[in-house]
Amino acid sequence: MELCVLWTLANIFVFSVSQVYGSLPIPVLHFEENIIEDEDTLIRCTLPYNDYPDVKLVIKGNATIKDCTPKKGNYPNVTCTVEVTREMHEMEFTCEAEFKTQSLPEKMNIQTGPEFTDCPDKLVWIEGKEHSFYCMATGYPSPTVTCAKNTTTYEVEKKFTAMRNMTGLYTCRARNFDMVKKIVNVSVEYKPKVSSIKLSPPLHGKGDKVEITCEADGVPDPIYSWKTPPSDLQFSADNQTVTIKSLQTSHLGNYQCIVENKHGTHNGTQKLNFAVKPKISRFDIEPSTQVLEGANVTVTCEASGFPPPVLTWITPVSNVQMSEDKRTVKIWGVTKKHVGSYICKSQNEHGSDTKSEQLSLAVKPKIVQIKVQPSTSAAEGANVTLTCIAEGVPPPTFSWETPTDVQHSADNSVINIWSAKKTHDGNYQCKVENKHGSATMTQKIVVKVTESKVNRGERQESVTATISTTMISTILLYYLY
């Protein structure tokens, strides 16, 4: 069975080689011309082809064959030495060619699940510097490795800039056809910074116990130190809090907190003074709270207090110019959208104060009409009312020019003619006025005298004239006689 398998493999090999290289070549033996008894002779075997894989030539025979030396030349060959005896006459020798072939090397790949080989439990980064995850894993196929926190995923060995919010636990995963994971604790270190210096209590006066506490952020935790006025002070064990048992004038001044870790230093200063709540001392609108459209306006707010209060504003529109210290608001070219309340708020840690002013758009006065009731034409003895209707901001004042005395209302916008006479006949002029200008309008009133009164007057005049004439005639006759 084994011989059969070997024979089959041999045939397959021969067939494969013949398929690639054609018919197998036959080695050729070469003897010396004169071979003498009891002397050594050389036998050479040559393979007359040179484009074959590695080949080994072997000379065989029933004699002592020695010192076989392969030689390189145009063709593969080998030369051996044979000890010649009489009995070797017509002895047969052969040369065999042994071909050696093999396939190109191929690696056998075995699928293996991922396994971390180098993935530290803790990583320390420095804020603002470039860092990366370097968790390594083996397995076949080669696993991909990522590390993630919440919804943010990072590829291993990919550089990024570390930020303090990257501190936390990350899950690193190695994946191929399977998956393994490992938790890595990342700590991002950064330079310390003073976030606040607080006074307790915020409202304090002479003789009070006062604590000044410095709060800072940094990794590693910062070390605290102070620069203070030369006075009697107590410091907490961690140097974070300064205590004044009884506040005196000598304690007033600047308290500088200094924080430090291996990445740098930072400081902040708090001024200690007797606390004062903010109070707005000035709040006004210039040139006026009522201005004509297109005018420029400045709103000013000034406040006192300690610490110095911070000013904030609420305005009808946002596109106003505000000074850097927030003391003034400037409006260039007032329009209707700027009309409304301007509110200033001053605030410190001890309290706040608020004031407001209303900005309105001024309007030059204008008379809409002079309303006459019941009519501009009045019968003698009738009552007539004239009302001057006008608009303007601020509201205008009223005045009249009339043919004769009439009754005026309290604001002068209305005049009354009681029992109209001929003397009331004529023009009535209304004048309105505010600080931005004036306007006038005239209304004519006609007083009609009835016809019966006119005839009665003429007859009365005629009777009077007749009586006068008769009396004069009688007097003249008396003196003549």
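The values are calculated or read from the model by the stated rules, or taken from the named source; none is laboratory data. Note that this is a predicted model, so its numbers are computed, not measured. Here the Cβ positions follow ideal geometry from the backbone for every residue, glycine too, while neighbour counts run over all protein chains shown. Accessible surface areas use protein heavy atoms only, side chains included; no ligands, DNA or RNA. Shrake-Rupley method; radii C 1.70, N 1.55, O 1.52, S 1.80 Å.
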Is it true that Glu39 is over 15 Å from Pro25 (Cβ atoms) and free of Cβ contacts under 8 Å to residues at least 24 places away in the same chain?
-> no
Here the residues within segment 440-453 that are in contact with an Asp or Glu (Cβ under 8 Å, 6 or more places away or on another chain) and surrounded by fewer than 17 Cβ atoms within 10 Å (Cβ to Cβ) are Val446, Lys448, Val449, Thr450, Lys453
Sole miss for Lys330 among (1) at positive phi; (2) charged (D, E, K, R); (3) in a strand (DSSP E or B) is condition (1)
Unmet criterion (only one of (1) in contact (Cβ under 8 Å) with a residue 40 or more places away in the chain; (2) assigned to a loop (DSSP other than H, G, I, E, B)) for Tyr190 | (2)
Over segment 329-345, the set of residues open to solvent by 30 Å² or more (accessible area, probe 1.4 Å) and within 17 Å of Ser288 (Cβ to Cβ) is Lys330, Trp332, Thr335, Lys336, Val339, Ser341
Filtering segment 48-76 down to residues that are in contact with a Pro (Cβ under 7 Å, 6 or more places away or on another chain) and part of a strand (DSSP E or B), which residue is most open to solvent (accessible area, probe 1.4 Å)?
-> Val55
List the number of the failed condition for Ser231; all other conditions in (1) surrounded by fewer than 14 Cβ atoms within 10 Å (Cβ to Cβ); (2) at pLDDT 95 or above; (3) touching a helix residue (DSSP H, G or I) at 6+ places or on another chain (Cβ under 8 Å) hold.
-> (2)
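Could you check segment 78-106 and list, in sequence order, the residues that are of a type in the set (S, T, N, Q) and either closer than 9 Å to Ile59 by Cα or part of a strand (DSSP E or B) (or both)?
Scanning segment 78-106 gives Thr79, Thr81, Thr94.
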Residue check: is Cys344 touching a strand residue (DSSP E or B) at 6+ places or on another chain (Cβ under 8 Å) and either within 30 Å of Lys198 (Cα to Cα) or not in a strand (DSSP E or B) (or both)?
-> yes
Output the residue which, of all residues in segment 28-44 that are among the β-branched types (Val, Ile, Thr) and either under 60 Å from the mean Cα position of the chain (by Cα) or open to solvent by less than 70 Å² (accessible area, probe 1.4 Å) (or both), is farthest from Thr81 (Cα to Cα).
-> Val28
Restricting segment 257-278 to residues that are modelled with pLDDT under 95 and surrounded by fewer than 17 Cβ atoms within 10 Å (Cβ to Cβ), the residue that is farthest from Glu211 (Cα to Cα) = Val276
Does at least one position in segment 202-211 carry a residue that is open to solvent by 40 Å² or more (accessible area, probe 1.4 Å), more than 30 Å from Met108 (Cβ to Cβ), part of a strand (DSSP E or B) and of a type outside the set (Val, Ile, Thr)?
-> yes
For segment 357-401, enumerate the residues that are closer than 30 Å to Val317 by Cα, open to solvent by 40 Å² or more (accessible area, probe 1.4 Å) and touching a residue at least 40 places away in the same chain (Cβ under 8 Å).
-> Glu357, Gln358, Val363, Lys364, Lys366, Val393
Does Thr117 satisfy being β-branched (Val, Ile, Thr), under 30 Å from Leu29 (Cα atoms) and at pLDDT below 95?
-> no
Which of the residues belonging to segment 283-327 are open to solvent by 30 Å² or more (accessible area, probe 1.4 Å), in contact with a Lys or Arg (Cβ under 9 Å, 6 or more places away or on another chain), under 13 Å from Glu357 (Cα atoms) and not in a strand (DSSP E or B)?
-> Pro316
Identify, please: which residue in segment 78-120 is open to solvent by less than 100 Å² (accessible area, probe 1.4 Å) and charged (D, E, K, R) and is, among those, farthest from Asp67 (Cα to Cα)?
-> Asp118
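What are the residues in segment 70-129 that are without any contact (Cβ under 8 Å) to a residue 12 or more places away in the chain and either of a type in the set (S, T, N, Q) or within 30 Å of Arg175 (Cα to Cα) (or both), if any?
Within segment 70-129, Gln102, Ser103, Pro105, Glu106, Lys107, Met108 qualify.
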Looking across segment 128-183 at residues that are among the polar types (S, T, N, Q), outside any loop (DSSP other than H, G, I, E, B) and out of contact with any Gly (no Cβ under 9 Å at 6 or more places or on another chain), the single one that is surrounded by the most Cβ atoms within 10 Å (Cβ to Cβ) is Thr146
So which residues in segment 402-425 are surrounded by fewer than 15 Cβ atoms within 10 Å (Cβ to Cβ) and either assigned to a strand (DSSP E or B) or out of contact with any Phe, Trp or Tyr (no Cβ under 8 Å at 6 or more places or on another chain) (or both), if there are any at all?
-> Thr404, Asp405, Gln407, Ser409, Ala410, Asn416, Trp418, Ser419, Lys421, Lys422, Thr423
Filtered residues of segment 188-201 (kept if closer than 24 Å to Lys149 by Cα and open to solvent by 40 Å² or more (accessible area, probe 1.4 Å)) = Lys191
